[in-house]
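Read the structure below first, then the notes.
The values are calculated or read from the model by the stated rules, or taken from the named source; none is laboratory data. Here the structure is a predicted model, which is why all the values come from computation and not from measurement. All Cβ positions, glycine included, derive from the backbone under ideal geometry; neighbour counts span all protein chains shown. With ligands, DNA and RNA removed, areas are computed over all heavy atoms of the protein, side chains included. Shrake-Rupley method; radii C 1.70, N 1.55, O 1.52, S 1.80 Å.
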Amino acid sequence: MRAYRLIAGMWIRSTMAYRASFLMTAFGNFAATALDFVAILLMFAHVDALGGFTLPEVAFLYGASGVAFGLADLVMGSMERLGRRVRDGTLDTLLVRPVPVLAQVAADRFALRRLGRISQGLLVLGYAVWALDIHWTPLRVLIVPLMLLSGAAIFSAVYVVGAAFQFWAQDASEVQNSVTYGGNTLLQYPPTVFAKDMVRGVTFVVPLAFVNWLPAMYVLGRPYPLDLPDWLAFTPPLVAAGCCALAGLAWRTGLRSYRSTGS
Amino acid sequence: MRLYAAVAAGGFRRYTTYRIATAAGVFTNTVFGVIVAYTYMALWSARPRLGGYDQAEALTYVWLGQALIMTVAMMGGGFEDELIERIRTGDIAIDLYRPADLQLWWLAADVGRAAFHLLGRGLVPLAFGALAFDLALPADPRTWLAFLLAVFLGVLVSFSIRYLVALSAFWLLDGAGVAQMAWLGGMFFSGMVLPLTVFPGALGEVARALPWSALLQVPADVLLGRHTGWGLLRAYGFQFGWAALLLGAGRVFQAAATRRVVVQGG
């Protein structure tokens, strides 16, 4: 943790050397992530409901997924550069330092501009909470921060598994994008939009549905399309813990199998 | 001419090395295609014939977007990061001494890259889309040829925009911010997030007039048979006009930038 903080701090200072560029990229990050919400707004310029969900409801899903993914991206987003380090052999430098490799790789080129994505998600989530007519019970209030943090942990686990996979498939970082960015896109829309088999896949195989779909259906008072029991809405912390444990295992296996480049 | 053909072939060959990355990219494009296709189906079942497309045409549009995203470099990528790095480190001075035109050199390499991505990243997602969904692909080979020409012109426009982005590094030193702004424009106004025909009112008219619509919207409409006869020529003219204008602007900035390098070097 300390190592992570030190490395991240160093990269923040170095980013601030090009202040204009930082402001532009932070705004760019904000605007880039806002694009898919603009797409949703454009869709709702033509329809009143998408998959039976209104704009504030979709915004709730969108904001929750965006914040969770944004947090994971801020903390772990640099993991996708691992493949490059394996290819060019610079990973070796990290191995000889007396600091956990995972912390070094995760904090590498720590990019504060990714706050743009988080703030955009929070804005949309704020709009959704304001526009929705939810009957707020203590449980419903509690589940929102629980959902955001567990979601961030689940996405972080995906980043770590993806990085571990790159120890073998050195330049396949894009496969990871299909789960991270692809998963984020999927979760922005209501589960009713997708085929049942897809919903099953992201519930039971890659448990992305626990990032926002299951808890959000509880908050919104909607049934989950797979007729699962209500209490599953409260399991995201457990699922997140399981994912992180598995990711840790995958990371260790990957790191142990690492052989440096030949040349 | 032979030199630039060789550079283009080199650009093509260079990307054939990244086989695992290409396979990974194809997988990702396919996953995204499936996700976006379902959202479009939800939208088009609520509003049939939205933007003038029926559902099969809208789905075709989705998969064309996934097939062309790398070819016309809507997300950026390709040469500009490399060129920006060469400008930043000063290696560009060596390039300027070479007996080849800087802009044509990078254009040739980028055309080679685009050709590889059309085959490597384009065919499989489109074929998957056609198998898994009900698409409106034309049977007439002439339509496909017309489409390929539109894609080529789209690559020219895309290159000319990214070349201008890269040249900005001469003045800003760090081109990352400008590159991201251009990326944003490319993503939104190429029609990648939603077809530009679905954009309402004045926003739609502006979006369709901007150069980025030459990247995806125009080629997709050519394949869907919405531009025929004189309309097809007008569509080509639109793409070619933007390409000529932006390539010309690239020349002007390149000349100005070159003078700057000489001043710094002296």
Within the stretch A:31-48, residues being within 7 Å of another protein chain (Cβ to nearest Cβ) and either under 19 Å from the mean Cα position of the chain (by Cα) or open to solvent by less than 20 Å² (accessible area, probe 1.4 Å) (or both) number 8
Check the stretch A:216-229 and report whether any residue there is open to solvent by less than 20 Å² (accessible area, probe 1.4 Å), more than 16 Å from A:I154 (Cα to Cα), of a type in the set (V, I, T) and touching a residue at least 60 places away in the same chain (Cβ under 8 Å).
yes
Please find, among A:L148, A:L102, A:L115, the residue that is aliphatic (A, V, I, L, M), modelled with pLDDT of 80 or more and either farther than 30 Å from B:M181 by Cβ or open to solvent by less than 20 Å² (accessible area, probe 1.4 Å) (or both).
A:L102
Selection within the stretch A:159-170 - open to solvent by 20 Å² or more (accessible area, probe 1.4 Å) and within 13 Å of chain B (Cβ to nearest Cβ):
A:F165, A:W168, A:Q170
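For the stretch B:7-37, give me each residue that is in contact (Cβ under 8 Å) with a residue 12 or more places away in the chain and open to solvent by 60 Å² or more (accessible area, probe 1.4 Å).
Across the stretch B:7-37, the qualifying residues are B:F12, B:R13, B:R14.
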Test each condition in (1) in contact with a helix residue (DSSP H, G or I) (Cβ under 6 Å, 6 or more places away or on another chain); (2) at negative phi for B:D81 and report the one that comes out false.
(1)
Just give me the residues in the stretch A:1-26 being of a type outside the set (F, W, Y), under 29 Å from B:A182 (Cα atoms), surrounded by 18 or more Cβ atoms within 10 Å (Cβ to Cβ) and over 21 Å from the mean Cα position of the chain (by Cα), in sequence order.
A:T15, A:S21, A:M24
Evaluate the following for A:F110: is it assigned to a loop (DSSP other than H, G, I, E, B) and crowded, with 18+ Cβ neighbours inside 10 Å?
yes
Whether any residue in the stretch B:127-139 is open to solvent by less than 20 Å² (accessible area, probe 1.4 Å) and either in a helix (DSSP H, G or I) or on the phi > 0 side of the Ramachandran plot (or both) is what I want to check.
yes
Under 8 Å between Cβ atoms, which residue pairs at least 6 apart in sequence (or on different chains) link something in the stretch B:194-223 that is in a loop (DSSP other than H, G, I, E, B) with a partner that is among the polar types (S, T, N, Q)?
B:P195/B:Q217; B:L215/B:S158; B:L215/B:S190; B:L216/B:S190
Spot the failing condition for A:V105; the list is (1) of a type in the set (V, I, T); (2) without any contact (Cβ under 8 Å) to a residue 12 or more places away in the chain; (3) over 27 Å from A:A233 (Cα atoms), and only one is missed.
(2)
So in the stretch A:242-263, with the set limited to residues that are surrounded by 15 or more Cβ atoms within 10 Å (Cβ to Cβ) and among the hydrophobic types (A, V, I, L, M, F, W, C), which one is farthest from A:A72 (Cα to Cα)?
A:L255
Within the stretch B:46-67, how many residues are open to solvent by 10 Å² or more (accessible area, probe 1.4 Å), over 21 Å from B:L131 (Cβ atoms) and within 12 Å of chain A (Cβ to nearest Cβ)?
5
Here's a check for you: in the stretch B:150-165, which residue that is more than 11 Å from the chain's Cα centre (by Cα) and open to solvent by 10 Å² or more (accessible area, probe 1.4 Å) is nearest to B:A257 (Cα to Cα)?
B:L164
Log entry, pairs with first residue in the stretch A:171-191 being touching a residue at least 60 places away in the same chain (Cβ under 8 Å) and more than 8 Å from chain B (Cβ to nearest Cβ), second being open to solvent by 30 Å² or more (accessible area, probe 1.4 Å) and acidic (D, E), beta carbons closer than 7 Å, six or more apart or on different chains, reads A:Q176/A:E80; A:Q188/A:D36
From the list A:G77, A:G51, which one is buried (at least 18 other Cβ atoms within 10 Å of the Cβ), within 9 Å of another protein chain (Cβ to nearest Cβ) and at pLDDT below 95?
A:G51
Here the residues within the stretch B:166-188 that are surrounded by 23 or more Cβ atoms within 10 Å (Cβ to Cβ) and more than 10 Å from chain A (Cβ to nearest Cβ) are B:A166, B:L167, B:G186
Identify the single condition in (1) loosely packed, with under 15 Cβ neighbours inside 10 Å; (2) assigned to a loop (DSSP other than H, G, I, E, B); (3) away from chain A (no Cβ under 12 Å); (4) of a type outside the set (D, E, K, R) that B:L104 does not satisfy, given that it satisfies every other one.
(2)
Does any residue of the stretch A:198-209 turn out to be open to solvent by less than 40 Å² (accessible area, probe 1.4 Å), in a loop (DSSP other than H, G, I, E, B) and within 14 Å of chain B (Cβ to nearest Cβ)?
no
